[in-house]
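Remarks on the structure that follows.
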Amino acid sequence: MNTAFPFRIAVIGVGHLGRHHARILSTLEGVELVAVVDINRERADRVAASTGTRSLYDGADLGAVDAVTLAVPTESHLAVALPFLERGIPVLVEKPLARSVAEADAMLAAASASGATLAVGHTERHNPAVSAARRFLAGPRFIEVHRLGSFSERSLDVDVVFDLMIHDLDIVLSLVASSVESIEAVGVPVLTSRIDIANARLRFASGCIANITASRISRDRVRKIRFFQPDAYLSIDYGAQELEVYRLVRGDGRRPSIEGGKIEIVREEPLKRELEDFLDAARSGRPPLVTGEDGRRAVRLAQAIAERMAQGS
């Protein structure tokens, strides 16, 4: 991205994830990181110093910008994003897009009215292993997902469905070309007053079933998704950026054999790919890889899962 005039962007919220937004954006050609914003003044000052920009403590104090990225707590997404969207300024909102479908709809309406680009930071969509897997997928019948992490003080304003599982809800929705027909779900609060470990079983109209487990209280960190389809099996390790593909091979009168193994992946930082995609979309006017509508679909499914868990409690 190299133009005569640098693309002016600011990062609002520079905690666990936002500081990496600032780090990456400060290094991209053709981009000017004009400010980092955080209500925690010490944190804003520290990140600003490390990325060669200025620190602000309120998004309302931002001057002219071409785009913003938001990595604030989910409960603040709507309030922080809306003024920019209403002014037609492109916004990248880290996942989940909002706390509810109603809040997501408010952001979508503002973006539609002004023509602003609205992207959602479902980072796993930009994972090179996920990108490589798409060409091997053909009507998966069963999907098994495990996303397990250790306890952290961050993101406790939402339960584990909106915090962790939503990554995989977005991935599954983007890969299964069918509507969700039924949901079974169970969740348990363990270390907080919100759900800390959850399992959802989704049945799609196509007959595909997805079994998704998410935990933020596990000893080991696991981020894997497996696909089973006629004559083929795919396994993705999100963290390692590894893809394995195995196929059942028939023919020539021989016994069927299983062939396959690891697919060569060129590893890249998914967040860097996410930010580059957003910047290109904001500049060109094309839709980003993960649109506001995609983010709303994931929120709607997460909300339905949360409601189903509440019914069973």
(request) Considering only residues that are part of a loop (DSSP other than H, G, I, E, B) and within 30 Å of R87 (Cβ to Cβ), look in region 115-162 and name the one that is modelled with the lowest pLDDT. (result) S155
(message) Going by what's in this entry, would G63 be described as under 26 Å from S284 (Cα atoms), under 16 Å from the mean Cα position of the chain (by Cα) and outside the structural domain of V266 (by TED's automatic domain parsing)?
(response) no
(request) Go through region 23-77 and tell me which strands (runs of 3 or more DSSP E), entirely inside it, have 3 or more residues that are surrounded by 14 or more Cβ atoms within 10 Å (Cβ to Cβ) and either in contact (Cβ under 8 Å) with a residue 40 or more places away in the chain or out of contact with any strand residue (DSSP E or B) (no Cβ under 6 Å at 6 or more places or on another chain) (or both). (result) 67-70
(request) From T192, T213, grab the single residue that is among the hydroxyl-bearing types (S, T, Y) and touching a residue at least 40 places away in the same chain (Cβ under 8 Å). (result) T213
(message) Going by what's in this entry, would G121 be described as buried (at least 21 other Cβ atoms within 10 Å of the Cβ) and either under 29 Å from T27 (Cα atoms) or in contact with a Leu (Cβ under 9 Å, 6 or more places away or on another chain) (or both)?
(response) yes
(request) Search region 250-278 for residues being surrounded by 14 or more Cβ atoms within 10 Å (Cβ to Cβ) and hydrophobic (A, V, I, L, M, F, W, C), and hand back the single one that is nearest to the chain's Cα centre (by Cα). (result) L271
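The values are calculated or read from the model by the stated rules, or taken from the named source; none is laboratory data. Values in this document were obtained by computation on a predicted structure and should not be read as measured data. Methodologically, a virtual Cβ is constructed for each residue, glycine included, from the backbone with ideal geometry; neighbour enumeration extends over all protein chains shown.
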